[in-house]
Structures are given as C-alpha cells and as structure tokens.
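What follows is a short report on a single structure.
The values are calculated or read from the model by the stated rules, or taken from the named source; none is laboratory data. Since this is a predicted model, take the numbers as computed values, not measurements. Counting neighbours? That spans all protein chains shown, and the Cβs are built from the backbone with ideal geometry, glycine included. Accessible surface areas use protein heavy atoms only, side chains included; no ligands, DNA or RNA. Shrake-Rupley method; radii C 1.70, N 1.55, O 1.52, S 1.80 Å.
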Amino acid sequence: MCSRWEEEKKEDGVKWTQLEHRGPYFVPLYEPLPDDVQFYYDGKPLKLSLATEEIATFYAKMLDHEYTTKEIFQNNFFNDWRKEMTSKEQKIIKDLDKCDFREIHKYFVDKSEARKALSKEEKQKLKEEADKIQEEYGYCILDGHREKIGNFKTEPPGLFRGRGDHPKMGMLKKRIMPEDVVINCSKDSKIPEPPEGHKWKEVRFDNTVTWLASWTENIQNTLKYIMLNPSSKLKGEKDWQKYEVARRLKDVVHKIRAQYRADWKSKEMKKRQRAVALYFIDKLALRAGNEKEEGETADTVGCCSLRVEHIKLHPRLDGQEHVVEFDFLGKDSIRYYNKVSVEKLVFKNLQLFMKNKDPADDLFDRLNTSILNRHLQSLMDGLSAKVFRTYNASITLQEQLKALTNSEDSVAGKLLSYNRANRAVAILCNHQRSTPKTFEKSMQNLQTKIDAKKQQVEEGQQELKKAEDEFEDTKDAKAEANVEKKKKLLKRLEEQLAKLNVQATDKEENKQIALGTSKLNYLDPRITIAWCKKFGVPIEKIYNKTQREKFAWAIDMADEDFEF
DNA sequence: AAAGCGGGCTGCCA
DNA sequence: CCCGCTTT
C-alpha cells in the first residue's frame with residue numbers, strides 16, 4: 001500500500017540522505033522615502049539618516065494600531081530606535097512625543113491604496129514575479145523528490161508585537177543578513193550561493209535535522225528555521241507518527257486513568273499533584289505548562305504552571321458539586337474560562353494544595369513539565385502531555401461523528417454534523433476566535449437569501465395547488481405532467497431553503513469558535529476521510545486544496561473502515 | 001539550547 | 001505571517 005509513505009527506513013535519527021536548495025530568499029532592502037515625505041521633530045521637518053528613517057517607517061506604519069499608544073511599546077521602540085541613530089540624531093531626538101510620523105503614515109496608506117487600485121495587468125505582472133521567486137526559492141530536492149518549502153523568505157525587519165501583554169512589544173526586529181544565516185544541505189549538493197558580496201554565517205551538512213537554514217532572532221534570542229511545507233513527505237510522516245502515538249495511548253488510557261485516580265490518595269504530595277495535574281490535562285485538554293523566564297514573555301500559563309489565583313473552588317455552584325472555576329491566560333494569551341465539576345478527591349486535593357499559599361504561588365509546587373513527562377514516558381513509549389490533547393481531540397471527533405451523523409441527511413446536513421463534531425473538539429481545546437468583523441453583515445445577507453427562498457417556496461406551493469386544481473378539472477395528461485413538474489420544483493426549492501437554514505445555524509454556532517487549528521493539528525485525518533467515504537461526502541467539502549496536500553498520506557491510506 | 005509543532009489573524013484569490 | 005509553546 002501507499003508506496004510514497006513507506007519507503008525504506010533510515011538509520012535512527014537520520015532524516016534525509018540528499019538535501020539541495022537555494023537558501024532563503026532575502027526580503028528587498030529598504031527603499032528611502034521620497035523627498036516630499038517628511039518626518040517632523042518638535043514641529044520642524046528633520047531629514048533622517050537611512051537607518052533611522054527605516055525604523056521610523058516601522059512605527060509610522062503602525063500608527064493606526066492601539067498598541068502604539070501603550071507605554072511599554074513606546075518605550076521599547078524609542079530605546080531601540082535611539083540605539084540606531086547617528087550621534088547627531090541622538091542629540092536632537094530625545095522625546096517620542098515630539099516625533100510626528102503622520103506624513104510618513106499617510107504615505108504608506110496611500111501606497112497600499114494605490115497597490116489595490118492597480119490594473120488587472122499590473123497585478124498579473126506582480127503575481128508572475130512572485131511566482132518566479134516561489135519557483136526558484138520555494139522548492140528543494142529531498143531524497144530525489146522535489147518538495148515545497150514552508151517559509152523560504154526571511155522575515156522582514158519591523159517592530160515586534162508579541163501576543164497579549166508582552167514586555168518586549170515595540171522592540172526592533174532586525175533585518176536578517178546572509179551573515180546571520182546557517183545553511184544546512186547535503187555535502188555533494190549544489191551549495192546555495194549567498195547574495196552578491198555576502199557570505200553565509202556557516203554551511204553545515206547535518207542530516208539528523210530537517211531544517212534548510214536557520215538564524216537567531218534578536219528579540220528573544222531564539223532560533224528560527226526554514227523548514228518544509230506540510231505537504232512534504234518528511235512532515236507527512238511525522239504527522240502520521242503523531243497520530244499513531246495517540247492511537248497507542250487509546251490502548252492504555254484506561255490503565256493510566258485508573259492509576260492517576262489511585263494516586264489522588266497517595267501519601268506523597270508530589271504524586272498527588274502529578275495525578276491531579278494529569279487529570280486536568282486528560283479531562284480538560286490543558287497544555288503542559290512549562291515555566292517561563294519572568295519578564296521575557298507575556299504572563300501565560302498551562303497546567304503545571306497554574307497559580308493559586310487561577311482557580312476558585314466552589315463546594316456547590318449552580319446545582320453542581322465540587323466545582324472548579326478556571327480563569328487564566330493560556331497560549332497566545334487566549335483566556336481559558338471554565339467551570340468544571342470534578343471528583344470529590346480532586347476537590348479535596350486542590351484545597352490541600354492551596355492551603356497557606358498566596359494567590360501568586362504555584363498550585364502544583366512539587367511538579368513541573370519535565371517531572372510529568374518523565375512519568376508519562378515511563379507509562380508508555382513516546383507518551384508526553386501533548387499526546388493527551390491529540391488523543392482526546394481525535395477520539396472526540398470520532399465519537400461525535402458517530403453520534404451526530406444521519407445517513408439519511410443531505411450532504412449539507414451531514415456537513416453540519418461534521419462541523420458540530422469539529423466544534424466539540426475546538427471547544428475542548430479552547431480554540432477561540434474573535435467574532436469576524438463582517439459577521440453581522442454576512443449573517444444578514446444570508447437571512448435575506450433565506451427570506452427570498454421562503455418566498456419562492458410559498459409561490460411554488462401556490463403553483464402546485466393551481467396545477468393540481470387544473471388536473472382535477474381537466475384530468476388530461478398534460479395537466480398531470482404539469483403537477484409532477486411543479487412538485488419537483490417545490491421539492492428543489494425546499495431543499496435549497498433547508499440548506500440555507502443549515503448554513504445559518506452553522507455560522508451562528510461558529511461565531512467565536514476557530515475550527516482550523518484542531519482540523520489541521522489535532523484530528524487524525526483518517527477519521528474524516530473514512531467518514532467521507534462512508535457517507536458519500538466529497539473530501540473537498542471538508543478539506544481545501546492546501547489541507548488535501550497536507551493530508552495526502554491519509555487520503556492515500558484510509559478506507560471507510562478506519563477506526564482511530 | 002535546539003528542534004519542531006501549534007495558534008490566531010490578515011489580505012488575497014478563486 | 002509571525003509568533004508561542006512543548007519536547008528532548
């Protein structure tokens with residue numbers, strides 16, 4: 001079966017035998033502003049040096065955003081900006097409040113308007129240029145296959161934003177130069193050429209990693225990589241492997257649950273904390289929660305890093321017992337808010353863990369992610385905290401599909417069931433989105449369509465009645481045929497109306513839920529493909545082109561009998 | 001520290 | 001696109 005996904009195995013840790021590529025594509029250099037676009041300091045025009053001007057444009061472009069009004073953003077920006085100024089500029093520009101970027105801002109607004117207003121031909125030309133770059137830099141050769149690269153361009157310089165309340169917001173993200181870049185490829189391949197007049201930082205031939213190029217980013221001092229697109233064989237196999245690990249968890253999860261329940265009564269505090277944390281990770285699909293360096297990142301937490309202030313205990317709430325109220329900022333500073341009725345022993349343990357602690361103290365003070373993951377690894381090979389998220393997401397999809405799908409439904413009805421199953425997963429994983437800006441409007445449009453369709457249905461009913469009356473009178477074959485015709489028409493109209501109603505329901509339910517993340521990262525695609533085959537739903541109704549490329553491995557191997 | 005997977009949002013396109 | 005997090 002599926003040849004491409006089951007080629008010969010490599011030695012342990014070896015990811016490829018051949019890797020050839022052109023290196024990153026460097027974003028264009030800064031183009032100075034036209035002379036009539038000026039920066040003003042203290043009301044007077046001030047000509048800036050090239051480097052200073054470039055950084056000024058970063059700030060100017062952001063003037064519309066609320067975060068440029070934040071003190072931290074402004075301070076970080078101004079600090080970094082001043083570092084890049086000439087000494088003469090430093091002596092003049094001492095107060096951000098006296099800086100006037102409005103003309104520069106307008107210049108970029110106009111520019112982007114002008115870009116939108118380009119003729120079809122001009123836009124076509126731009127697209128062709130982009131395609132050419134994609135064609136040249138966007139692919140590599142890996143073990144004889146031409147594979148798409150994910151991010152082949154270096155990130156442009158700009159101001160760092162970060163998510164949520166990030167202490168580094170506004171800092172200058174520097175331009176990546178070839179001298180910063182480490183190239184990784186195979187020894188006997190055509191080594192990528194650095195841009196004219198430049199050198200790579202290093203060229204290495206490491207076949208135990210999957211990246212093509214890397215550099216250190218200056219905000220957090222961490223590495224960034226150029227890697228393959230999800231459609232690649234390498235990524236596909238990794239994805240497959242991930243779901244296979246989750247499926248192995250399925251076989252032992254009952255045992256693991258029994259054990260952590262037993263551990264709630266352990267004499268060792270450390271074990272108890274581990275068992276309660278694992279319960280949360282399993283039941284609520286929380287992330288592991290590594291500890292983070294204070295002041296370097298936004299204050300967000302996961303399971304192991306929960307603090308006392310993040311939960312409230314209610315012995316009784318809204319008719320339920322032993323309710324834990326969670327309220328904290330998780331990954332990307334997305335709020336996790338949930339009220340959950342838990343087992344009595346969990347509740348008692350939480351009371352114990354919180355005793356004599358300050359709100360800012362760790363809830364699980366004897367636990368961290370490495371302790372937890374070491375324990376999980378001992379329970380099952382390859383098991384770590386995140387596997388529970390994958391497992392629970394996928395098994396939930398499978399169960400929900402089973403419960404919600406009606407084989408008698410139209411394709412539209414089945415799709416609503418699918419989306420509802422997907423939604424259950426997204427809610428479990430807390431994948432949220434802000435209500436789309438256009439939500440109300442598009443909802444209204446849909447409602448207008450529904451009203452119009454209702455009208456048509458009524459008309460169709462009247463026409464059918466008329467035709468039936470006529471047949472009653474005449475009893476002739478022509479009139480009888482007309483009745484059939486009107487019946488068919490009415491049926492079609494009713495189906496169209498039903499479909500629109502289903503769409504409206506789906507849209508409303510999906511207002512603040514993001515389905516994409518779970519679909520892409522947590523749901524074993526074979527579950528979906530099997531469901532599509534079983535119920536005659538075209539795969540394209542669920543997965544768009546990009547998604548089908550990413551899940552090619554699953555489309556290749558899953559039949560309708562697949563069970564997660 | 002290094003590697004690589006997971007996340008929400010925006011603009012563009014079919 | 002540009003970041004945030006987990007795992008090892």
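With the helix formula -39500 (n - 2.57) applied to DSSP H stretches of n ≥ 4, chain A reaches a computed 222 nm mean residue ellipticity of -16000 deg cm²/dmol.
Give the percent of DSSP beta bridges with both residues in chain A that are antiparallel, rounded to the nearest 5. Please report the intermediate quantities before stating the final value.
On the way: 35 of 39 bridges.
Roughly 90 percent of the DSSP beta bridges within chain A come out antiparallel.
When each of the peptides A:433-446, A:215-228 is scored by how many other beta carbons lie within 10 Å of its residues on average, the order from highest to lowest is A:215-228, A:433-446. Which of rounded, prolate, oblate describes the stretch A:319-379, given a ≥ b ≥ c as roots of the alpha-carbon gyration tensor eigenvalues and a/c under 1.5 marking rounded, otherwise prolate only if a/b is larger than b/c? It comes out rounded by the Cα gyration axes.
What helices does chain A have that are whole DSSP H segments, at least 18 Å long along their own axis by Cα, and with mean Kyte-Doolittle hydropathy of 0.0 or more? Those that pass (Cα extent of 18 Å or more, hydropathy at least 0.0) are A:411-428. Model label sites at A:E494 and A:K265, defined 7 Å from Cα along the beta-carbon direction, differ in position by 6.0 nm. Rg ratio for the stretch A:261-310: its Cα radius of gyration over 2.2 N^0.38 Å, N being its residue count, equals 1.29.
Shown here are the Rg and Dmax of the Cα trace of the stretch A:393-557, at 20.6, 64 Å. Partner aspartates and glutamates whose Cα lies under 15 Å from the Cα of A:K485, excluding those fewer than 8 positions away in the same chain, are identified as A:E459, A:E463, A:E468, A:D469, A:E470, A:D476, A:E494. Overall form of the stretch A:46-113: oblate. Here a/c, set by the Cα gyration tensor axes a ≥ b ≥ c, is 1.5 or more, and a/b is not larger than b/c. Averaged over its residues, the stretch A:395-490 has an accessible area of 64 Å² per residue, based on protein heavy atoms and a 1.4 Å probe. Rounded, prolate or oblate: which fits the stretch A:154-213 when a ≥ b ≥ c are the square roots of the eigenvalues of the alpha-carbon gyration tensor, with rounded for a/c under 1.5 and prolate only if a/b beats b/c? Oblate is the answer for the stretch A:154-213, as a/c is 1.5 or above yet b/c matches or exceeds a/b.
Where only protein heavy atoms count, and the probe is 1.4 Å, what is the accessible area per residue for the stretch A:234-383 in Å²? Can you show the working numbers first?
Working: 8000 Å² over 150 residues.
With all protein chains present, the stretch A:234-383 gives 53 Å² per residue.
Pairs with C-alpha atoms separated by more than 21 Å, drawn from the list A:K414/A:K491; A:K331/A:K357; A:K265/A:K344; A:K153/A:K174, are A:K331/A:K357. Calculated translational diffusion coefficient of chain A (25 °C, 0.890 mPa s; Stokes-Einstein with Kirkwood radius over alpha-carbon pairs) equals 85 µm²/s.
Can you work out the accessible area per residue across the stretch A:40-116, with the rest of the protein chains kept in place, probe 1.4 Å, in square angstrom?
Here the residues of the stretch A:40-116 average 61 Å² of exposed surface.
Here the accessible area is traced with a 1.4 Å probe on the protein chains. For chain A, carbon and sulfur cover 48 percent of it. With only the Cα atoms considered, the stretch A:344-446 has a convex hull volume of 211 Å³ per residue.
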